1. Calculate, in nm to one decimal, what Asp121 and Arg11 gain on full extension: separation in residues at 0.36 nm each, minus their alpha carbon distance.
2. Cα to Cα, under 17 Å, and not fewer than 8 places away if on the same chain: which aspartates and glutamates meet these conditions relative to Lys200?
3. Can you pull the three principal axis extents for the Cα set of the chain, in Å, largest first?
4. Let me have the 222 nm mean residue ellipticity of the chain computed from DSSP H runs of 4+ only, each contributing -39500 (n - 2.57), with the sum over all residues rounded to the nearest 500.
5. So, with +1 on the Cβ of K and R and -1 on the Cβ of D and E, and no other charges, what is the size of the charge dipole of the chain about its Cα centre, to the nearest 20 debye?
6. Whole percent per 10 Å bin, from 0 to the bin with the longest distance: what is P(r) over all C-alpha pairs of segment 75-185?
7. For Ile157, which sequence-distant residues (separation of 5 or more, or a different chain) have an amide H within less than 5 Å of its own amide H, given hydrogens modelled in the peptide plane?
8. Compute the length gained on full extension between Glu28 and Asp201: take 0.36 nm times their separation in residues and subtract their Cα-Cα distance, giving the result in nm to one decimal.
Amino acid sequence: MEPIAQPVPTRSGGFGGSDGLADFLRAENFDLLIDATHPFAARISHNAAIAAGHTGIPFFALRRSTWKQQPGDRWTNVRSVADAVAALGAAPKRVFLAIGRQEAFHFESAPQHSYLIRSVDPVTPQLGVPYARYILATGPFEEAAERELLIENRIEIIVAKNSGGTATFGKIAAARALGIPVIMVERQQPADVRTVETVKDALGLVDHLFSPEMKRGV
């Protein structure tokens, strides 16, 4: 899927790891690095933190807050997608996979389940399991539509990543309303990275970092 055009200079593609990103930051004389990647883009977030350390420029991450379990939620929290596979158990179930395409392959080790898999881009290659159906769709996903999807496909359990935000929360609200259990993959992020949760807070931190007082070291 092509990203939405932005009214600022952009670059597509990788940098060649943390060293390549550090070289790019130096060559272009950047003064600040903000990690605003997807909450589960662990590799690039790790590389960004290392590159910032190598260059010495200010660095922080923009991370929307996680979803919090509420009364009526039937969550099983796991640390990874591989753990989510194990959490499904041995008995066959009708599973809604809402984890994107890159880690869907893990579920080939549990072919007894029937999968409904939704992603922005196609899952390639498709899973080597007997029962899988694929939906290509981009959020936001409203609760009412998500509830209809779950009912029509007789979903018995959902596997989701705790991405936070509102765009994909509809399935979580729908699961709560229908009493459907959710296997929730938790975020695994460095604890030593300065983090803000909103764009407003990010802009405020930028103003602070480049205020006259900070430049004077006050």
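What follows is calculated from the coordinates using simple rules that are stated; it is not laboratory data. Source: prediction; values computed, not measured. When we count neighbours, we look across all protein chains shown, and the Cβ atoms used for this are built from the backbone with ideal geometry, even at glycine.
1. 37.6 nm
2. Asp35
3. Ordered largest first, the chain gives principal extents of 63, 37, 32 Å.
4. -8500 deg cm²/dmol
5. It works out to roughly 420 debye.
6. That works out to 15, 53, 32, 1, in percent per bin.
7. HN-HN under 5 Å from Ile157: Arg94, Phe96.
8. Values: separation 173, 0.36 × 173 = 62.28 nm, distance 2.56 nm.
Full extension from Glu28 to Asp201 adds 59.7 nm.
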